Amino acid sequence: MSRFEVTETFHGVAFPGHLHDQESLQRAVTFPFQDTDILIVSYPKSGTTWMQQMVTLISNRGDPHVSQTVPNWARAPWLEHHYSAELVQTLSRPRVMTTHLSHDMLGHTLQGSKAKVIYVSRNPKDTVVSFYHFHKMANFLPDGGSFQEFLNQFLEGTVQFGSWFDHFKGWTSQLGAMTNLLHVTYEEMSMNPHGAIKRVSSFLQCPLVEDEVNSCVRHCSFSSMKDNKMINYTLVSHDILDQSKGSFMRRGKVGDWRNMFTEEHNQQFDKVLLEKLKGCSIEFVWEEVEEKETHRETHH
Ligand code: A3P
């Protein structure tokens, strides 16, 4: 099943037909969650794979064996991908699953469930840059065109997987309303990996001792993940993901958008951001901050 040219439109959002069909999308939005389930939710390129690795390592108390022997899509399959239906049946509890679906689509199914939901977000300027590069290597995504063209589509919300703004607003508006929802940012994982791992492990009710946290940090690092074929997507064939055009584990930095954005792009972006996120109190971290500041909370 390649379906590279097919786009599935579901709830007004375009999804790559290579990974999705109407049946798999419908199955996802009516999925019978169990209270022990763990669901990683993200907009693409926000640190999804990183969180998959983090959750695997935390669940295994820092032991890297599973993270080095089972591909990420098998240990934390995407709920909405067509190949996941059977995979999900084989997962042992607690089941870990992943989704890029919006709260609009999934909120209803999650209502009343005690499944633990981890929402991973990344500042949208780094997200759009990462997504743009990903379009160049992913043959199941349409041609992204020039960066300006891609940026326009991202800001309009017409890219595949829909509007970043709607996704972010939809899930973060549930913070406080959903008690079983944890928000973790890419920037936190990058600047304070120990803190992020401790927060996720306590949310998952899997407290770790210091050595276990350190092992998680080690095996979650960019260099370790870049070399781990169970998480760096080199197991995927070149016709699907052509990593001769760039690596999945590309740069792994906070603030890389500065290497791509012109002053005009930035003004265009900020204008839309201001309009679309009016009333949202979440602040973004646009670049790497000095380590001593970001580790402040661990010194208390
Ligand atoms: P870049 O393209 O900016 O390098 P997703 O998994 O949601 O598709 O996100 C992919 C992005 O996360 C890529 O960003 C990738 O390099 C980055 N990433 C994955 N693992 C990482 C890690 N351990 N440390 C830093 N960045 C990581």
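Data table
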| read-out | value |
| --- | --- |
| Residues Lys278, Lys169, Lys253, sorted so that the one with the fewest Cβ neighbours within 10 Å comes first | Lys278, Lys253, Lys169 |
| Whole-number D in µm² s⁻¹ for the chain, Kirkwood Cα-pair radius fed into Stokes-Einstein, 10 °C, 1.306 mPa s | 81 |
| Contour minus Cα-Cα distance for Gln89 and Cys206 (0.36 nm per residue) | 39.8 nm |
| Point-to-point label distance, Glu5-Lys136, nm (Cα→Cβ direction, 7 Å offset) | 2.6 |
| Choice from Ser237, Ser224, Ser281 showing the highest fluctuation, given a GNM over the chain with Cα pairs closer than 10 Å | Ser281 |
| Counting DSSP beta bridges with both ends in the chain, the antiparallel % (nearest 5) | 25 |
| Distance in nm between pseudo-label sites at Asp239 and Thr69 (7 Å out along the Cβ direction from Cα) | 3.1 |
| Where labels lie 7 Å past Cα in the beta-carbon direction, separation of Asp270 and Ser146 in nm | 2.3 |
| Per-peptide average of other Cβ atoms within 10 Å, ordering 137-144, 106-113 highest first | 137-144, 106-113 |
| Mean Cα-pair separation over length for the chain, i.e. relative contact order, pairs under 8 Å, 6 or more apart, % | 23 |
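Readers should treat all values here as calculations from the given coordinates under stated rules, not as data from a laboratory. These numbers were taken from a predicted model, which means no experiment stands behind them. Because the Cβ atoms are built from the backbone with ideal geometry, glycine has one as well, and the counts that use them run over all protein chains shown.
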